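Trainee: A single structure is presented below for examination.
Here, each number is a calculation from the coordinates, and none is a lab measurement. Note that the structure is predicted; figures quoted are calculated from it, not measured. Positions of Cβ are generated from backbone atoms using ideal geometry, with glycine treated the same way; all protein chains shown enter the neighbour counts.
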Amino acid sequence: MIKIGLTGVIGSGKTTAIKYFSSLGVPVFIADEVAKKLMTEDEFLISEIIKIIGDKAFEEKKLNTKYISDKIFKDEKLLRSINKLVHPKVREEYAKWLKKQDFNYCVYEAALIFENKSESDFDKIICIRTPIEEIHRRLESRINYSKNKVDLILNSQIDQDIKCSKSDYCINNTTSKELEKKLLEIHSLYV
């Protein structure tokens, strides 16, 4: 089975791309969803996150994502500590998931493929690139992030031009129609 990594900075259109692949019947693994699930169910992770960030990381046994993101995107050391703790567990879950798949290829979606140095886990990598102004517009209107918060998150990730230069495919996401056209071209290479 061919393993394709799908990456891009926050707000670039990875979710739209993953939904499109899924609609084509492609098995998709969404690293952020798995990470959030692990962070609320894995007792070891929960206790370590509390040690690193404090009790406010959880509210009534639910992950306090706003509190966590406010902390980690202002402190690179905290961000690295959390990533170092959570991402190996996500990779373990991916390995288990992969064994259950029966398709020509699968797609693993994660913003931090290059940041976590996991690019060698994939046969091919797709990067979704979107104009920064559009990313700001999406995140400020869709999830009510401030411009400052969007900039903090973007600054914690590798620049999208660098991600594209390291990827096998770089898709400029300016319209949904164009994005889907490019994804279908890639899909047709592997089915």
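Trainee: Just how large is the dipole of segment 1-138 about the Cα centre, in debye to the nearest 20, putting +1 at every Lys and Arg Cβ and -1 at every Asp and Glu Cβ?
Mentor: Charge dipole of segment 1-138: 120 debye, to the nearest 20.
Trainee: Treating the angle as unsigned and between 0 and 90°, give the value, to the nearest 10°, between the Cα long axis of helix 176-190 and the longest Cα principal axis of the chain.
Mentor: 70
Trainee: Hey, what do the phi angles of segment 49-64 turn into as Karplus ³J(HN,Hα) couplings, whole Hz, using 6.51/-1.76/1.60 and θ = phi - 60°, x for Gly and Pro?
Mentor: Here the 3J(HN,Hα) series is 4, 5, 4, 7, 10, x, 4, 5, 5, 10, 10, 6, 6, 10, 5, 8 Hz.
Trainee: Now for a separate question. So what is the calculated 222 nm ellipticity per residue for the chain, using -39500 (n - 2.57) for each DSSP H run with n of 4 or more, over all residues, to the nearest 500 deg cm²/dmol?
Mentor: Computed ellipticity for the chain at 222 nm equals -17500 deg cm²/dmol.
Trainee: Based on DSSP, what percent of beta bridges with both residues in the chain are antiparallel, to the nearest 5? It would help to have the intermediate numbers written out before the result.
Mentor: Values: 2 of 18 bridges.
Taking every DSSP beta bridge with both residues in the chain, the antiparallel ones total about 10 percent.
Trainee: A further question follows. Among (1) 10.7; (2) 14.6; (3) 11.9, which one is mean projected area of the Cα convex hull in nm² computed from these coordinates?
Mentor: This structure yields the entry labelled (1).
Trainee: Quick one: Karplus J couplings for segment 97-108, per residue in order, coefficients 6.51, -1.76, 1.60, θ = phi - 60°, nearest Hz, x for Gly and Pro?
Mentor: 4, 4, 5, 8, 8, 9, 8, 4, 8, 9, 10, 10
Trainee: Another one. For segment 1-54 and segment 115-139, what is the centre-to-centre distance using only Cα atoms, to the nearest Å?
Mentor: Each part reduced to its Cα centre gives a spacing of 13 Å.
Trainee: Could you give the dipole magnitude of segment 33-100 about its Cα centre, charging the beta-carbon of Lys and Arg +1 and that of Asp and Glu -1, in debye to the nearest 20?
Mentor: Here segment 33-100 has a charge dipole of around 260 debye.
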